[in-house]
Amino acid sequence: MSKLVFNFKLKYSKRTKTPKNFLGGKGANLAEMEKLGLPVPPGFTISTKVCDFFYNNNKKLNQKIVKEIKKELKIIEKQSKKKLGDLKNPLLVSVRSGARVSMPGMMDTILNLGLNDETVLALADKTSNMRFAKDSYRRFIQMYANVVMGVDSYNFEELIENYKLTKGVLLDTDLDENDWDGLIKDFKEVVKKKTKKKFPQNVFNQLLGAISAVFLSWESNRAKIYRRLNHIPSSWGTAVNVQSMVFGNMGKDCATGVVFTRSPSDGSNKIYGEYLINAQGEDVVAGTRTPQYITKSANKNSLSKEKSMEEFMPKVFKQLKKILKKLENHYRDMQDVEFTVEKNKLWILQTRSGKRTAKSAVKIAIDMVKEKLISKREAILRIDPNSLDSLLHPTLDEKSEINVIAKGLPASPGAASGKVVFTSDEAERLNDTMQDTILVRVETSPEDIQGMHAAKGILTSRGGMTSHAAVVARGMGRPCVSGSNEIDINYEEKTFKTSNLTIKEGEIITIDGSTGRIILGQVSTIKPEISGDFSRLMSWADKYRKLKIRTNSETPTDTKTARDFGAEGIGLCRTEHMFFDEERILSVRQMILSKSRNDRDKALSKLLPYQKKDFVDIFKIMNGLPVTVRLLDPPLHEFLPKNENEISDVAKYLDLPVKELEGRINELHEHNPMLGHRGCRLGISFPEIYEMQCRAIFEALVECKNKKIKSTLPEIMIPLVSTEAEIKIMKDLVIKVARQVQNENKIKIKFLVGTMIELPRAAIKAQDIAKHAEFFSFGTNDLTQTTFGISRDDSGKFLNDYIENKIFDIDPFISIDDGVGDLIKIATQKGRKQNKKIKFGICGEHGGDPKSIDFCSKIGLDYVSCSPYRVPVARIAAAQAQLKK
Ligand code: PEP
Ligand code: MG
């Protein structure tokens, strides 16, 4: 086994080209900062490889690694001129996780390690500050007992609260060294009572315990959920960083903070950060105290009475600013930096690429190209396509009546309305029944991650812009208003109070994450507009991409939205969705429930003018771009009347006794409608339905021509084909109707006929089907369903178990599975062999998923088709796919 533990000063880059994979992001960046000559407290990194060994060794560190840790510890003792456990000059260390990509707050951290009943006195002596030493020791006991020994933190919090009550004080800072001393004794007793073990006094054992706990936290529930949501493989493992402590809590000449080199919310080129005087890093991140701004200008805009760092520590601020510039130029990206000031000396504890909103990401990418820091290619590759979603979501309609009841910090943009809930469980429960919620918490913790995901928005009463709630919501693209001290939350009563209102659980509120407003009731929203930096980035992306981007759309509104977002055609117009309208549904039901051809013809003749008008509208909006119209593919259960009222309405409409209608519904009942009488099977049984649809398309073309509307070359798509005979019969039908309309109108009609490939047999026999198809569009929703034999409608109930058990890395209905991918490859190869001119596209939901788009680009499809709001996402993802080739 080669070396696995590395001092920050060691030139690891010679050993590995992928330091982040090996040392984790934090470890690699600490080493990089050492190289740049920045003030980094000495330390070492235990490689991600050790995480693997740890889990393969019964969750224990093996002797070889323990030996390496001992050796490296000696080196940092030399570098820091302190010694772990020393009674004169004790070294204290922090032990932190550090995966390949940052997973903020998802794993464990231990600070102030190395304190015991004796070293605490040495620390007090050395710093001439007994209160500080005792405060650090109680923090350490609390953290270590929680993370390593599994004692719930509230046991300790409760003791502190009681202590303050008895003493009649409000703040922790009102407690003196004797108070902490008393509490330390109580804390140790709690540990003994809860774990039947004494709090460890051997400092090296403390260190090994902490390292093991950090490795264990890689498999904690919250880390697993975060990985699942962010598609991070569990095989990556985490590294562990052991670093000598510096103290931001030794007095008024000390501070700790987090700073971004540019604004993480709007991307403006100004440093943005928060700090706390006389505090440790955890206080800023945990949101337990509301921090101050770093710069004078940011502070001026806030109502804070405290001084900014720029004013309070001008010298250190200047030095920090210089370092930030150096870091940004070095990494050529916006950095998120943690620092501590110990007795006016600045230390940099960590740097990483800063998480940012989509708005900020786009602005920074464009600005950095202008500043010649990065190329256009890099700018495109820097954007996380999925994050653009949040830029495209509606914002509040300022014209509507708005009753602002309180304000907080604009932590993550976008507007959301929903029922107020106070627990993550409740947010999840309501989400399961399709109800929108706003999760209201004093502050969030990593335990809330599932609830934050389930909620439409997050509101907190405490914590700043870098608090857990703000960072996580931004990453998820959820609107968030944080740190609203104008609301007072009462978990027991399930209410929150503003200055003059009490809002109960279940009442609807709206939050505006772009301005920090909290509004009573539901507020209407408006469509976002694409402009400026966003369009520029999109136009760069368009230059690089080869894949065309189409949209799945069947209404004029969606079609218009998609065109505005840059769609280059319609890849799927689901005609059955054109019938959901109240007026039409009765005719559709009549068509489905008709027993005789005559009745069906009557229903169809009512539907024909609607269909025709829809097509004219859509062709007009698409202005000559291709439009793929899929003939009817209704899983029957979606269209049959279900409740008594619906049945009685239809019975009246059809002039049938209710009993007879119920009998007909029973006859049509299917045990497995997804695999039932749908798609072209319907066209085979009732050709008149497809004939009506084709007539509507062709007559729409005639109307366009007559009205001088720029027409389109329609692509008529036959769904759910599995055999050559099916496509042949259907194609003949289309041609027959085209001839009829042509003859009736004396106009030449041009069109293509193709099919969806959404059944494994169709993919495997693509050479036969391609004889009659001018295009294939992969319907990967059904192709995934039928390849796995997993019902699209029921998979939600058990897919999570499959992801938990690592059977699937990602839900195959979100990202194309490689087995389904193989079928697509087979179909394209066989199809192309049969018909050189055949066109290929994809129109399942995967058409808007960046990973799947990468796959489509690799295998040479012509286009992807996705929902309107995914079009910009697909444009960027397609460019990235091309650039990565
Ligand atoms: C598909 O199956 O992928 C598809 C696009 O069709 P639908 O979702 O309408 O079944
Ligand atoms: Mg389908």
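Enumerate the aspartates and glutamates that Lys64 could reach by cross-link, defined here as Cα to Cα under 18 Å, with residues fewer than 8 away along the same chain left out.
Within reach: Asp52, Glu72.
Give me the accessible area per residue for the chain, probe 1.4 Å, as a whole number in Å².
44
Given Lys26/Lys359; Lys612/Lys710; Lys35/Lys322; Lys407/Lys456; Lys548/Lys839, which pairs have Cα atoms separated by over 22 Å?
Lys26/Lys359
Please list, in order along region 78-94, the HN-Hα scalar couplings obtained from phi with the Karplus expression 6.51 cos²θ - 1.76 cosθ + 1.60 (θ = phi - 60°), rounded to whole Hz, x for Gly and Pro.
Going residue by residue, I get 5, 4, 8, 6, 10, 9, 4, x, 5, 8, 10, 9, x, 8, 10, 10, 9 Hz, with x marking Gly and Pro.
When a/c is below 1.5 the answer is rounded, else prolate if a/b is larger than b/c, else oblate, so apply that to region 391-501 with a ≥ b ≥ c taken from the square roots of the Cα gyration tensor eigenvalues.
Cα axes put region 391-501 in the rounded bin.
Once both axes come from the Cα atoms, what is the angle between helix 658-668 and the longest principal axis of the chain, in degrees from 0 to 90, rounded to 10?
70
Quote the relative contact order of the chain in percent (integer), defining contacts as alpha-carbon pairs under 8 Å separated by 6+ residues.
Relative contact order for the chain comes out at 9 percent.
Going through the cross-link list Lys83/Lys196; Lys728/Lys765; Lys70/Lys198; Lys20/Lys851, which pairs have a Cα-Cα distance over 19 Å in this structure?
From the list (Lys83/Lys196; Lys728/Lys765; Lys70/Lys198; Lys20/Lys851), the Cα-Cα distance tops 19 Å for Lys83/Lys196; Lys70/Lys198; Lys20/Lys851.
For the chain, take the longest principal axis of its alpha carbons; what is the angle in degrees between that and the long axis of helix 358-370, to the nearest 10 within 0 to 90?
80
Using only alpha-carbon positions, what ratio does the radius of gyration of region 583-720 give when scaled by 2.2 N^0.38 Å?
Computed over Cα atoms of region 583-720, the ratio equals 1.16.
Would you kindly state how much longer the chain becomes between Lys825 and Arg792 on full extension, computed as 0.36 nm times their sequence separation minus their alpha carbon distance, in nm to one decimal?
9.6 nm
Round to the nearest 0.05 the FRET efficiency obtained for Lys74 and Asp52 when R0 = 25 Å and r is the Cβ-Cβ distance.
So, using R0 = 25 Å, E works out to roughly 0.45.
Any chance you could run the full-extension gain for Ser524 through Lys851? It's 0.36 nm times the residue separation minus the Cα-Cα distance, nm to one decimal.
Here the segment from Ser524 to Lys851 would lengthen by 114.4 nm.
Sort 611-623, 372-384 by packing, meaning the average of other beta carbons within 10 Å per residue, with the highest value first.
Descending mean neighbour count gives 611-623, 372-384.
What ratio of Cα Rg to 2.2 N^0.38 Å holds for the chain?
Against the empirical 2.2 N^0.38 Å value, I get 1.10 for the chain.
Based on Cβ point charges of +1 for Lys and Arg and -1 for Asp and Glu, what charge dipole magnitude is obtained for region 350-456 about its Cα centre, in debye rounded to the nearest 20?
Value, rounded to 20: 760 debye.
In Å and on Cα atoms, what radius of gyration and Dmax does region 818-883 show?
According to the Cα coordinates of region 818-883, Rg and Dmax are 11.9, 35 Å.
Between Lys748 and Glu493, with labels modelled 7 Å along Cα→Cβ, what's the label distance in nm to one decimal, could you check?
So the two model labels end up 7.9 nm from each other.
How far, in degrees from 0 to 90, does helix 818-834 lean away from the longest principal axis of the Cα atoms of the chain, to the nearest 10?
It works out to around 40 degrees.
I'd like the FRET efficiency for Leu373 and Lys652, computed as 1/(1 + (r/R0)^6) with the beta carbon distance as r and R0 of 45 Å, rounded to 0.05.
The computed FRET efficiency comes out at 0.05.
Tell me the mean residue ellipticity at 222 nm calculated for the chain from its helices only (DSSP H runs of n ≥ 4, each -39500 (n - 2.57), averaged over every residue, nearest 500).
Theoretical 222 nm ellipticity from helices: -14000 deg cm²/dmol.
Output wanted: per-residue J couplings in Hz (rounded whole) for region 431-439, from phi through Karplus 6.51 cos²θ - 1.76 cosθ + 1.60, θ = phi - 60°, x for Gly and Pro.
Per-residue couplings from phi come out as 4, 5, 9, 6, 9, 7, 9, 10, 7 Hz.
Structure shown: which of Lys595/Lys731; Lys252/Lys321; Lys224/Lys806 lie over 18 Å apart, alpha-carbon to alpha-carbon?
Going by Cα-Cα distance, Lys595/Lys731; Lys252/Lys321 fall outside the 18 Å limit.
What percentage of all Cα-Cα pairs in region 744-885 are separated by more than 20 Å?
Percentage above 20 Å: 50.
List the relative contact order of region 802-885 as a percent without decimals, with contacts defined as Cα pairs under 8 Å and 6+ residues apart.
Relative contact order for region 802-885 comes out at 26 percent.
Taking the alpha-carbon distance from Lys750 and a cut-off under 17 Å, which aspartates and glutamates remain once sequence neighbours fewer than 8 residues away in the same chain are dropped?
Glu691, Glu699, Glu703, Glu715, Asp732, Glu774
How much length would be gained if the chain were fully extended between Lys322 and Ile764, taking 0.36 nm per residue of separation minus their Cα-Cα distance, in nm to one decimal?
Here the answer is 152.9 nm.
The values are calculated or read from the model by the stated rules, or taken from the named source; none is laboratory data. Every value quoted in this text rests on a predicted model; they were computed, and no experiment measured them. Cβ atoms come from the backbone with ideal geometry, glycine included; neighbour counts cover every protein chain shown. Heavy atoms of the whole protein, side chains included, go into the accessibility calculation; ligands, DNA and RNA do not. Shrake-Rupley method; radii C 1.70, N 1.55, O 1.52, S 1.80 Å.
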